[in-house]
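A.B. asks: Let me give you the structure first, and then I'll get to my questions.
The values are calculated or read from the model by the stated rules, or taken from the named source; none is laboratory data. Quick caveat: nothing in here was measured; it's all calculated off a predicted structure. We place every Cβ from the backbone using ideal geometry, glycine too, and count neighbours over all the protein chains shown.
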Amino acid sequence: MYPWRSSTSASRAEVAPGQGQAGRAGLGGAIVTYEDSPPTLRCYGDEDRSTQSLRRQALSQALCAPADVVVDLAELAFADPSLMLDLVMVARRLRKAGRELTLCGAQPDISVLIEYVGLHRLPGVNIAPAPAPA
């Protein structure tokens, strides 16, 4: 269906109850959150165009960060290009302010999407290497 999503990925219907966009406990329905110290955007669950409005506040907060911003993708199960395009916008604005965006923890399907959209080629965007297996 999507070129960046392998056939082994869990479908949106297979996500456990309480782990989707509105059921994420403690996040008030937010699936992208921002933390000040260190400046970090955390992405959870399934992100697509229908959840775009839920990420706006966190992305806006990241634009005001006093330092480089890390995007933690470790808990992101699915994303469509709308999330990556929002990250492109954040990266460009951060770069104009002299800061960078570092992506880390991306699952294999999300890494393919990052490359598909070209986010990894933007100046000021870094991809943190995956941790070595123990």
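A.B. asks: Can you work out which of the residues in the stretch 31-48 that are buried (at least 19 other Cβ atoms within 10 Å of the Cβ) and in a loop (DSSP other than H, G, I, E, B) is nearest to the chain's Cα centre (by Cα)?
C.D. replies: Ile31
A.B. asks: Within the stretch 50-70, work out how many residues are farther than 16 Å from Thr102 by Cβ and more than 13 Å from the chain's Cα centre (by Cα).
C.D. replies: 6
Listed here are the residues, each with its yes/no results for (1) touching a Leu at 6+ places or on another chain (Cβ under 9 Å); (2) surrounded by fewer than 15 Cβ atoms within 10 Å (Cβ to Cβ); (3) part of a helix (DSSP H, G or I).
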| site | (1), (2), (3) |
| --- | --- |
| Leu85 | yes, yes, yes |
| Val88 | yes, no, yes |
| Gly98 | no, yes, no |
| Leu113 | yes, no, yes |
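A.B. asks: Restricting attention to the stretch 49-82, report how many residues are assigned to a strand (DSSP E or B) and among the hydroxyl-bearing types (Ser, Thr, Tyr). Steps first, please.
C.D. replies: Step one: list which residues in the stretch 49-82 are assigned to a strand (DSSP E or B), which gives 69-79.
So of that shortlist, the ones also among the hydroxyl-bearing types (Ser, Thr, Tyr) come out as none.
Total meeting the criteria: 0.
A.B. asks: List pairs: first residue in the stretch 49-67 and more than 14 Å from Met84 (Cα to Cα) and modelled with pLDDT of 95 or more, second residue in a helix (DSSP H, G or I) and aliphatic (A, V, I, L, M) anywhere in the structure, Cβ distance under 6 angstrom, at least six positions apart or on different chains.
C.D. replies: Every condition considered, the pairs that remain are Ala62/Val90.
A.B. asks: Evaluate the following for Ser11: is it at pLDDT 50 or above, over 21 Å from Leu94 (Cβ atoms) and out of contact with any Cys (no Cβ under 7 Å at 6 or more places or on another chain)? Break it down stepwise before answering.
C.D. replies: Values: at pLDDT 50 or above: no; over 21 Å from Leu94 (Cβ atoms): yes; out of contact with any Cys (no Cβ under 7 Å at 6 or more places or on another chain): yes.
Against the criterion (at pLDDT 50 or above, over 21 Å from Leu94 (Cβ atoms) and out of contact with any Cys (no Cβ under 7 Å at 6 or more places or on another chain)), Ser11 does not qualify.
A.B. asks: If Arg99 satisfies every condition in (1) touching a residue at least 24 places away in the same chain (Cβ under 8 Å); (2) out of contact with any Asp or Glu (no Cβ under 8 Å at 6 or more places or on another chain) but one, which is the exception?
C.D. replies: Every listed condition holds for Arg99 apart from (2).
A.B. asks: Among Leu119, Leu76, Leu101, which is the only one that is closer than 16 Å to Asp48 by Cα and out of contact with any Phe, Trp or Tyr (no Cβ under 6 Å at 6 or more places or on another chain)? Before you say what the answer is, go through the steps one by one.
C.D. replies: Numbers: Leu119 fails: closer than 16 Å to Asp48 by Cα; Leu101 fails: closer than 16 Å to Asp48 by Cα.
Result: Leu76 is the single residue among Leu119, Leu76, Leu101 that is closer than 16 Å to Asp48 by Cα and out of contact with any Phe, Trp or Tyr (no Cβ under 6 Å at 6 or more places or on another chain).
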